[in-house]
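Report on one structure; see the data block that follows.
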Amino acid sequence: MHDDETPPRTPVRTLDPAAPAAPRTQVPAQGTGPAPWALRLVAVGLVLTALNLRPAITSLGALLEEVRDGLHMSGSVAGVLTSVPPLCFAVFGVMAPRLARRFGPGAVVCAGMVAITAGLVIRPLVGGTAGFLAASALALMGIAVSNVLMPVIVKRWFPDRVGSMTGLYSMALALGTSLAAAVTVPMTEAMGGSWKAGLGVWAALAAAAILPWIPLVRDRTGAAGHPAADRQEAPALRITRSRTAWALACFFGLQATAAYITMGWMPQIFRDAGVSAGTAGVLLALTMAMGVPLAFVIPRVAARMRNQGPIVVFLGACGLIGYAGLYLAPSGGAWIWALLLGISNCAFPLALTMIGMRSRSGAGVVRLSAFAQSTGYLISIPGPLLVGVLYQHSGGWGLPIGLMAALMVPQMVAGILAGRDRTIEDEC
């Protein structure tokens, strides 16, 4: 997505190391435990929310050419548009823990779904590029805060089923990502060919996700503070002194760059090669759908290895082969290239797994996650913009694809360094 993207095992709860550890609040330990109807309601809310965490991005990628023509948008501005998701994830994701401490995570997620709905409704109605970007940013703000708080709510309501519930919303997120990529173009054609209708229809799914959270708006019990031990231990870590932390931040940022370039530009690459708009959307859906099974497999394999470098190299090699295929025969082997790039994009769950393995303590994981994700999303911002500029000024995809392949090399180097068997506590 990039911004990010769901950890199957790593308890990534916040981008703010000083923020409240909402996921440490375990309802059963409070004596009575939640009512069964409340658990079912939260489970429905998790699934519906996860389904809405990527369609605003992948539906736009499927219709980017129509949007550019309709708004008279240049390639450079389109590159800015594809850079907005990681920027919003870096900026607004930091706000989520503080908002959850004040209002409760359920209320913040509910507000996030309202923001997504409003952004998706407004976006097709505006007549200019500036308004379109602003409405997109509103929807992405809702995605950012909701994305950060999903693990918080899982731990808060399902402390004894963290793995299974994380897997549930991980699958829902991947499903929403691939579904929007696959069906946006057919739905647009069925509704008369208007890109505005094709983008706006996803507001209905976001509106449905508001409903389960309304009864939980007043619930603030998920916003308790960190245990004293964690609060005392965290300040002792000067994370910027850790080479592993910097390697992880670079690896996270470069894999996010590749993911957002893929989501924003891959359908256009195939369409310019002669592939139909509908098929290009399905190819993007295939790429995104690879995250469903591999998000479960890769972290489990990585956790059994002392050094995750071999997995980094394998994923990077898949990406390099995929980019080579896009350059040499984009339409001839389109399905193979989409599959390989989908495998390569699964560096996201690997990055989150390594974050959990590179620290000995929960407080260290929170600080490392905050540093790696916030720094990484900032690193990822220029990539999609630069692809758009190169595409506009070169008039083809040779230079942009060359850039994508070139970025894969430092990603592999950073991943190999981050995958070494060491902890930030040793380095700090």
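Let me confirm something: among MET187, MET165, which residue is open to solvent by 20 Å² or more (accessible area, probe 1.4 Å) and assigned to a helix (DSSP H, G or I)?
On the way: MET165 fails: open to solvent by 20 Å² or more (accessible area, probe 1.4 Å).
Testing whether each residue is open to solvent by 20 Å² or more (accessible area, probe 1.4 Å) and assigned to a helix (DSSP H, G or I) leaves just MET187.
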| note | Note: among LEU51, LEU39, just one is under 15 Å from the mean Cα position of the chain (by Cα), within 25 Å of VAL154 (Cα to Cα) and open to solvent by 20 Å² or more (accessible area, probe 1.4 Å), namely LEU51
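Select, from ALA334, ALA256, ALA317, ALA329, the only residue that is open to solvent by less than 10 Å² (accessible area, probe 1.4 Å) and more than 20 Å from ILE381 (Cα to Cα). Steps first, answer last, please.
Numbers: ALA256 fails: more than 20 Å from ILE381 (Cα to Cα); ALA317 fails: open to solvent by less than 10 Å² (accessible area, probe 1.4 Å); ALA329 fails: open to solvent by less than 10 Å² (accessible area, probe 1.4 Å).
Going through ALA334, ALA256, ALA317, ALA329 in turn, just one is open to solvent by less than 10 Å² (accessible area, probe 1.4 Å) and more than 20 Å from ILE381 (Cα to Cα): ALA334.
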| said: From the list THR6, THR58, exactly one residue is surrounded by 23 or more Cβ atoms within 10 Å (Cβ to Cβ), at pLDDT below 85 and in a helix (DSSP H, G or I). Which is it? | reply: THR58
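For the range 236-246, give me each residue that is open to solvent by 10 Å² or more (accessible area, probe 1.4 Å) and assigned to a helix (DSSP H, G or I).
Result: ALA236, ILE239, THR240, ARG241, ARG243, TRP246.
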| Does any residue in the range 96-108 that is more than 9 Å from VAL145 (Cα to Cα) come within less than 7 Å, Cβ to Cβ, of a residue that is of a type in the set (Val, Ile, Thr) and not in a helix (DSSP H, G or I) six or more places away or on a different chain, and which pairs are these? | GLY106/VAL217; ALA107/VAL217
| task | Tally the residues that are of a type outside the set (S, T, N, Q) and at pLDDT below 50, restricting the search to the range 227-248. | result | 8
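In this structure, is LEU51 modelled with pLDDT of 85 or more and not basic (Lys, Arg)? It would help to see each step written out before you state the result.
Numbers: modelled with pLDDT of 85 or more: yes; not basic (Lys, Arg): yes.
Judged against the criteria, LEU51 is a match.
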| task | Identify all residues within the range 62-80 that are open to solvent by 10 Å² or more (accessible area, probe 1.4 Å), in contact with a helix residue (DSSP H, G or I) (Cβ under 8 Å, 6 or more places away or on another chain) and in a helix (DSSP H, G or I); write none if there are none. | result | GLU65, GLU66, ARG68, GLY70, LEU71, SER76, VAL77, VAL80
| note | Within the range 355-379, residues being under 13 Å from VAL94 (Cα atoms), open to solvent by 10 Å² or more (accessible area, probe 1.4 Å) and at pLDDT 75 or above number 5
| Any hit, the range 95-106, residues being within 27 Å of VAL387 (Cβ to Cβ) and not in a loop (DSSP other than H, G, I, E, B) | no
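Being modelled with pLDDT of 85 or more, open to solvent by less than 40 Å² (accessible area, probe 1.4 Å) and assigned to a helix (DSSP H, G or I) is the filter here; which residues of the range 261-277 pass it? Quick ask: steps written out before the conclusion?
Filtering the range 261-277 for residues modelled with pLDDT of 85 or more gives 261-262, 265-276.
Imposing the further condition that a residue be open to solvent by less than 40 Å² (accessible area, probe 1.4 Å) reduces the set to 261-262, 265-270, 273, 275.
Scanning the range 261-277 gives ILE261, THR262, TRP265, MET266, PRO267, GLN268, ILE269, PHE270.
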| task | Report yes if some residue within the range 395-403 is more than 25 Å from CYS88 (Cβ to Cβ), out of contact with any Leu (no Cβ under 9 Å at 6 or more places or on another chain), open to solvent by 50 Å² or more (accessible area, probe 1.4 Å) and not in a loop (DSSP other than H, G, I, E, B); otherwise report no. | result | no
| field | Set VAL94, VAL121, VAL109, VAL126: member being open to solvent by 10 Å² or more (accessible area, probe 1.4 Å), farther than 17 Å from SER59 by Cβ and not charged (D, E, K, R) | value | VAL94
| query | Among the residues of the range 16-33, is there at least one that is modelled with pLDDT of 85 or more and either in a helix (DSSP H, G or I) or among the small types (Gly, Ala, Ser) (or both)? | reply | no
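The values are calculated or read from the model by the stated rules, or taken from the named source; none is laboratory data. Just so you know, these numbers come straight off a predicted model, no measurement behind them. Positions of Cβ are generated from backbone atoms using ideal geometry, with glycine treated the same way; all protein chains shown enter the neighbour counts. Accessible surface is based on the protein model in full, side chains and every heavy atom, while ligands, DNA and RNA are left aside. Shrake-Rupley method; radii C 1.70, N 1.55, O 1.52, S 1.80 Å.
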